[in-house]
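Read through the structure below, which is laid out as structure tokens, and then see the notes.
The values are calculated or read from the model by the stated rules, or taken from the named source; none is laboratory data. Quick caveat, the model's predicted, so the values are computed rather than measured. Here the Cβ positions follow ideal geometry from the backbone for every residue, glycine too, while neighbour counts run over all protein chains shown. The protein model used for the area step is the full one, side chains on, heavy atoms only, and it has no ligands, DNA or RNA in it. Shrake-Rupley method; radii C 1.70, N 1.55, O 1.52, S 1.80 Å.
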Amino acid sequence: MAEKILVLGEVKNGDLRSVSFEAAAAAKKAAPNAEIVGAVLGDDVTGLAKKMIHHGADRAIAVNAPELKNYTTDAYQQAIMQVLEEENPSGIVMGHTALGKDLAPRIAVRKGLALISDIVSLEQQNGELLCTRPIYSGKAFEKRKPKDGHFFLTIRPNNIQALEVDENRDGEVRSVTPDIKDIRTVIKDIAKKAATGVDLSEAKVVVAGGRGVKGPEGFELLQELADVFGGAVGASRGACDADYCDYSLQIGQTGKVVTPDLYIAAGISGAIQHLAGMSNSKVIVAINKDPEAPIFDIADYGIVGDLFDVIPVLIEELKKE
Ligand code: FAD
């Protein structure tokens, strides 16, 4: 039987997260000659499943059931296990997101597959797949290869380039209804935080503030700068602990891990726990009034100065472009 890779498309706020398309590209890199099958889970996702084909899948499966409207471990696990029974793929790829982190190990253990998680890049070397993943909170990288051609990979968002979208690309979209029972958790209500627009973990530009931002008003200034780029605002734990902003913005070892094209750290000292969440950003700009601040050790560009003087000038200049 020809090689086949199953790629899980992840739905958020009624659309596919971009990590779904990055996962399709990763699958192509991992097994260039394999058939790529996109699978999207939800209560009415046939339209979204088609998008997986536009982004490189050869065909797609829309796994529709009312129980899949919101994520629960039990329902998603049962649905995916049924798809895997039917399809019997030689590889599985999904995002290293909150959902992927919860689901992937459960599926891996049930299928007896070795999971290589949090991959930031993949390459073929002498006919073998090599997956690179950060270890020790991003201080080192290791390369792993799947043992016997079968693999299960989760990929870190924003690290693997999605394939170019082709809306004319055709492929079969099959709708299936899984048999789901015995869900042990019931979602009664979803209390949403006020939407800030751009998803922090997928933003191309992140403007993050620390204790140096001094208060919630300072974060409004950071938001203004982020808006100029169409980016998102993040924070250090220092800023979250001081109640300058919500913990959902925290970046670092105990917060979110981000890999934007541009990371601007304003009033952040650069503690090791913060670096764990952002040191793989492509370009890092630090604004700090202390020239000895450790953040400058990893910054590509450093501005020694008061952020309240520097950021308004940056906004003004950037708006001119
Ligand atoms: P500070 O260290 O107080 O730095 C503030 C900086 O702002 C200083 O460098 C100062 O020079 C500068 N500054 C002040 N005023 C201005 C101004 N007007 N203009 C420009 N610069 C100015 N931290 C995280 O961020 N994320 C984590 O996930 C995380 N997890 C942790 C887990 C554990 C187990 C532990 C023990 C700690 C963790 N921490 C984490 C906390 C971390 O150790 C630091 O305490 C925290 O990152 C410091 O935040 P900060 O840089 O905002 O504050």
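Odds and ends about this structure:
- Long-range HN-HN contacts of Phe151 with modeled amide H, under 5 Å: Gly91, Ile92
- FRET E, pair Gln82, Lys188, Förster distance 41 Å, beta-carbon r, rounded to 0.05: 0.95
- Out-of-range pairs (alpha-carbon distance over 27 Å; input Lys28/Lys145; Lys69/Lys145; Lys50/Lys145; Lys4/Lys143; Lys29/Lys51): Lys69/Lys145; Lys50/Lys145
- Within the range 23-60, backbone nitrogen closer than 20 Å to the virtual label 7 Å beyond the Cα of Asp15 toward Cβ: 23-25, 39-57
- Ratio Rg/Rh, restricted to the chain and using Cα atoms, in which Rh is the Kirkwood radius: 1.00
- Proximal aspartates and glutamates to Lys192, defined as alpha-carbon separation beneath 15 angstrom and excluding residues fewer than eight positions away on the same chain: Asp246
- The chain: DSSP helices with Cα axial extent of at least 24 Å and average Kyte-Doolittle hydropathy no lower than 1.6: none
- Karplus (6.51, -1.76, 1.60) ³J(HN,Hα), θ = phi - 60°, over the range 256-271, in Hz, Gly and Pro reported as x: 7, 9, 10, 9, x, 5, 9, 10, 10, 9, 10, x, 10, 6, x, 4
- For the range 1-144, fraction of C-alpha pairs farther apart than 20 Å, in %: 45
- Once the C-beta distance of Lys139 and Asp309 is scaled by a Förster radius of 41 Å, the resulting FRET efficiency is 0.80 to the nearest 0.05.
- Computed accessible area, Ser279, all protein chains, 1.4 angstrom probe, square angstrom: 40
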